[in-house]
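Novice: Dumping the structure here so I can ask a few things about it.
The values are calculated or read from the model by the stated rules, or taken from the named source; none is laboratory data. This is a predicted model, so every value here is computed, not measured. Cβ atoms come from the backbone with ideal geometry, glycine included; neighbour counts cover every protein chain shown.
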Ligand SMILES: NC(=O)c1ccc[n+]([C@@H]2O[C@H](COP(=O)([O-])OP(=O)(O)OC[C@H]3O[C@@H](n4cnc5c(N)ncnc54)[C@H](O)[C@@H]3O)[C@@H](O)[C@H]2O)c1
């Protein structure tokens, strides 16, 4: 099988490439990644000689087309601009990468005999739930994206679905919750808090810190994508979650406890504009139909992730020198 993994030098994409290498030894893996702030070729160091890596922007169709002409069976599409705060500052970049580039990939897949296109998306397309409610997002939840990031992901989901209905391209879609684990750059809550705490610096918590997300260990996400890619039904959408709802304060407290640091390192800062209050995900369709169950608890996943950061200082050190601070909280950072 020849598989194209877009965004394979990013956080989840690189974990998925490692997962494929371990579990599907006969697959020929091609990765296309433009290496933006989140992409890092070092994420693929240990497999680089076993894969074909191309650095370019997916919007550059003339570079992408020869890869499809060489014969691709599966596409797993991770590539996207992903940082919500960056999307508030530069929505155009998100439209180009998340919508326009996805259309190019879908069209080339349609025209070159791709057997399955798996589109990786987010639960953020569903909007926000009430903090007090027990509702969860599922595959029938209406779309209600509220940031430029989630709006562009919603656009790409609709495009992917339209290629199934209009052209008969074999498309599957997954909408997952917040991932954490190895190779996540310190622009997301778990690595930022872990690395700040390890350096005895403040953990900056947005607003009241009570906004809730579901947390999914990245290797459980890779297993879910494996199931959908190989056993999912064409045209279907699957919600993927970890079954672990946590708010910002709880995450900070757990990380401080694991590292044996003082609770006084917590610092509350201005909230993100339009910050969604709660996401929760019902993954029962994926469990029922394809046998998915998350296998890593949040506590266990956090310990493994923190250990990975402790063991990989050379990987994360460069990020600390150019730490991204969203405009809405500039002047409030450490
Ligand atoms: N991280 C999460 O918690 C999470 C949750 C839900 C869904 N997702 C989705 O999963 C996918 C992967 O997320 P991630 O956290 O690994 O993101 P990431 O930002 O770590 O990685 C994305 C990768 O895509 C590459 N990329 C972006 N635009 C590109 C383009 N136009 N051409 C070529 N390469 C491009 C980047 O260089 C980067 O390496 C995304 O589609 C995201 O929307 C992520």
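Novice: Checking residue 223 against (1) in contact with a helix residue (DSSP H, G or I) (Cβ under 7 Å, 6 or more places away or on another chain); (2) over 25 Å from residue 100 (Cβ atoms); (3) away from the ligand (no atom under 11 Å from the Cβ): exactly one of these is not met. Which one?
Specialist: (1)
Novice: Continuing with the same structure: So which of 120, 114 ends up being over 23 Å from residue 11 (Cβ atoms), at pLDDT 95 or above and in contact with a strand residue (DSSP E or B) (Cβ under 9 Å, 6 or more places away or on another chain)?
Specialist: Unique residue meeting the criteria: 114.
Novice: Look at region 68-78 and say how many of its residues are touching a strand residue (DSSP E or B) at 6+ places or on another chain (Cβ under 6 Å) and crowded, with 19+ Cβ neighbours inside 10 Å.
Specialist: So the answer is 6.
Novice: Restricting to region 37-55, name every residue that is in contact (Cβ under 8 Å) with a residue 60 or more places away in the chain and over 18 Å from residue 3 (Cβ atoms).
Specialist: 37, 38, 40, 42
Novice: Need the failing condition index for residue 46 against (1) surrounded by 14 or more Cβ atoms within 10 Å (Cβ to Cβ); (2) under 22 Å from residue 13 (Cα atoms), just the number.
Specialist: (1)
Novice: Only one of these conditions is not met by residue 168: (1) on the phi < 0 side of the Ramachandran plot; (2) assigned by TED's automatic domain parsing to the domain that holds residue 38. Which number is it?
Specialist: Residue 168 satisfies every listed condition except (1).
Novice: Can you pull out the residues in region 186-212 that are within 13 Å of the ligand (Cβ to nearest atom) and surrounded by 23 or more Cβ atoms within 10 Å (Cβ to Cβ)?
Specialist: Within region 186-212, 190, 191 meet the criteria.
Novice: Counting only residues that are at pLDDT below 95 and over 30 Å from residue 140 (Cβ atoms), give me the helices (runs of 4 or more DSSP H) lying completely in region 258-331 with at least 2 of them.
Specialist: 313-321
Novice: May I ask you to say which residue of 136, 115 is out of contact with any helix residue (DSSP H, G or I) (no Cβ under 7 Å at 6 or more places or on another chain), in contact (Cβ under 8 Å) with a residue 12 or more places away in the chain and surrounded by 20 or more Cβ atoms within 10 Å (Cβ to Cβ)?
Specialist: The unique qualifying residue is 136.
Novice: Report, by residue number, each residue of region 263-288 that is free of Cβ contacts under 8 Å to residues at least 24 places away in the same chain and over 21 Å from residue 194 (Cβ atoms).
Specialist: Of everything in region 263-288, those that are free of Cβ contacts under 8 Å to residues at least 24 places away in the same chain and over 21 Å from residue 194 (Cβ atoms) turn out to be 287, 288.
Novice: Further, regarding this structure: Name the residue, out of 224, 234, that is buried (at least 18 other Cβ atoms within 10 Å of the Cβ) and assigned by TED's automatic domain parsing to the domain that holds residue 115.
Specialist: 224
Novice: Is it true that some residue in region 50-59 is under 26 Å from residue 165 (Cα atoms), near the ligand (Cβ under 8 Å from one of its atoms) and in a loop (DSSP other than H, G, I, E, B)?
Specialist: Yes, the conditions are met somewhere in region 50-59.
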